[in-house]
1. Test of understanding: among 293, 311, 306, which residue is outside any loop (DSSP other than H, G, I, E, B) and touching a strand residue (DSSP E or B) at 6+ places or on another chain (Cβ under 6 Å)?
2. What are the pairs with Cβ atoms under 8 angstrom where one residue, in segment 1-19, is more than 17 Å from residue 117 (Cβ to Cβ) and the other, located anywhere, is in a strand (DSSP E or B) and at pLDDT 95 or above? Sequence gap at least six, or different chains.
3. Answer with yes or no whether residue 279 is free of Cβ contacts under 8 Å to residues at least 12 places away in the same chain and over 29 Å from residue 183 (Cβ atoms).
4. From the list 257, 281, pick out the single residue that is within 27 Å of residue 438 (Cα to Cα), touching a helix residue (DSSP H, G or I) at 6+ places or on another chain (Cβ under 6 Å) and surrounded by fewer than 23 Cβ atoms within 10 Å (Cβ to Cβ).
5. If you go through segment 131-144 one residue at a time, do you hit one that is at pLDDT 95 or above, farther than 16 Å from residue 46 by Cβ and touching a strand residue (DSSP E or B) at 6+ places or on another chain (Cβ under 9 Å)?
6. Just checking: which of the strands (runs of 3 or more DSSP E) contained wholly in segment 357-456 hold 1 or more residues that are touching a helix residue (DSSP H, G or I) at 6+ places or on another chain (Cβ under 7 Å) and over 25 Å from residue 281 (Cα atoms)?
7. Please verify whether residue 41 is away from the ligand (no atom under 16 Å from the Cβ), farther than 28 Å from residue 213 by Cβ and in contact with a strand residue (DSSP E or B) (Cβ under 8 Å, 6 or more places away or on another chain), treating the condition exactly as stated.
8. Looking at (1) surrounded by fewer than 19 Cβ atoms within 10 Å (Cβ to Cβ); (2) more than 18 Å from the chain's Cα centre (by Cα), which is the only condition residue 214 fails?
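The values are calculated or read from the model by the stated rules, or taken from the named source; none is laboratory data. Just so it is clear, the structure is predicted and the values come from calculations on it, not from any experiment. As a convention, Cβ positions derive from the backbone with ideal geometry for all residues, glycine included, and neighbour counts pool all protein chains shown.
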Ligand code: MG
């Protein structure tokens with residue numbers, strides 16, 4: 001029987017610490033997670049947030065109370081814990097992180113033995129155990145053990161290096177600036193880059209869960225210090241992570257923020273040049289440049305709903321080797337089918353070393369699209385009907401209806417109209433070869449949506 005209450009969102013359980021996310025709650029949900037994993041071996045990791053030790057201890061208590069053994073890997077990037085789950089043959093894992101959310105938040109992410117998040121139907125099982133109070137607490141002499149797993153940062157760094165041409169990169173002696181947002185990204189990538197022969201300049205690289213210097217979300221407006229540092233230092237590029245270092249956004253040698261879909265398209269192009277015909281998995285919100293590059297270099301594009309776990313699940317199902325999101329999430333299957341900031345940085349370096357070109361030049365060689373965004377208010381209960389009407393109205397344009405309505409228009413422009421999952425609005429993402437055209441497109445479809453809503 002499915003519960004009506006829901007704890008897991010699109011990226012695990014998230015909440016404000018000591019409001020929704022108390023130690024008592026963490027222990028109880030961990031007991032439900034432990035019951036689900038049935039006395040298994042569970043890896044536990046956490047990012048650099050203020051509340052992490054409190055929650056890690058609470059989660060440990062809940063897990064061992066059900067007879068699970070906990071392997072505490074300590075503070076690390078999310079992709080590092082995901083890699084370690086697989087590498088150390090765990091039965092599952094728990095990562096305590098709220099990724100890019102503000103400092104008062106934290107979260108609990110549950111992963112399967114391969115490090116990928118568990119699918120929704122398994123989350124439902126854990127929710128049911130929690131809400132029905134069915135956690136199986138074991139007898140005193142069967143309580144699980146707690147072990148340390150001290151070398152995961154090193155093992156992860158070595159694993160990433162296996163996928164790039166170390167000698168070719170080392171020869172170039174690149175200068176890279178890393179902005180870790182005072183999150184866990186600073187624990188791996190600066191050292192990885194140094195071992196790849198780079199000169200590394202770091203900003204916001206000390207761990208500080210109050211995020212004193214910039215918000216942990218790598219949005220362009222939060223990356224001006226990094227852009228300035230890249231320019232002043234005349235570095236080859238800069239890379240910025242979110243709080244748990246699974247997403248990465250790059251600043252080119254000219255100090256320009258290159259949004260995630262452009263760097264993903266660059267990785268896609270390089271990948272397809274040596275892996276023609278391979279499948280590329282990407283959410284429908286990705287830029288047209290991902291489609292252009294995919295088609296030009298013989299890739300098989302698979303569009304998905306928006307959400308990083310959906311990309312991971314689709315990659316696993318199709319045995320795809322590459323996935324990417326517009327927000328800087330790149331999934332490199334040969335390493336692991338989850339987004340991974342250190343891996344992405346290494347791939348960009350690899351492309352630079354292979355081509356001998358600067359990042360601005362590499363990105364300049366791909367088609368440039370301008371993105372315009374907007375939104376229109378729409379009551380939640382009308383969203384489904386609005387979508388149906390809209391789809392019918394644009395039927396002649398062969399809409400893609402995986403998630404909202406996406407139109408690939410003949411003049412190379414495109415528009416995505418999508419109901420927000422969290423707010424009573426429809427969102428518009430218009431793309432075209434000029435900013436004016438993108439703006440016009442958004443305006444046109446906003447009008448259409450207003451008309452549909454008014455007619456209901
Ligand atoms: Mg993240």
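1. Working: 293 fails: touching a strand residue (DSSP E or B) at 6+ places or on another chain (Cβ under 6 Å); 306 fails: outside any loop (DSSP other than H, G, I, E, B).
Unique residue meeting the criteria: 311.
2. Listed by first residue and then by second, the contacts come to 15/21; 15/105; 15/106; 15/107; 16/105; 17/105; 17/106.
3. On the way: free of Cβ contacts under 8 Å to residues at least 12 places away in the same chain: no; over 29 Å from residue 183 (Cβ atoms): yes.
So residue 279 does not fit the description; no.
4. Within the list 257, 281, the selection yields 257.
5. Pass one, segment 131-144, residues at pLDDT 95 or above: 131-144.
Filter once more, keeping what is farther than 16 Å from residue 46 by Cβ: 131-144.
In the following step, the residues that additionally are touching a strand residue (DSSP E or B) at 6+ places or on another chain (Cβ under 9 Å) were identified as 144.
Within segment 131-144, one or more residues are at pLDDT 95 or above, farther than 16 Å from residue 46 by Cβ and touching a strand residue (DSSP E or B) at 6+ places or on another chain (Cβ under 9 Å).
6. Numbers: elements: 370-377, 405-408, 414-419, 425-432.
Qualifying strands (runs of 3 or more DSSP E): 370-377.
7. Values: away from the ligand (no atom under 16 Å from the Cβ): yes; farther than 28 Å from residue 213 by Cβ: yes; in contact with a strand residue (DSSP E or B) (Cβ under 8 Å, 6 or more places away or on another chain): yes.
Yes, satisfied.
8. Failed condition: (1).
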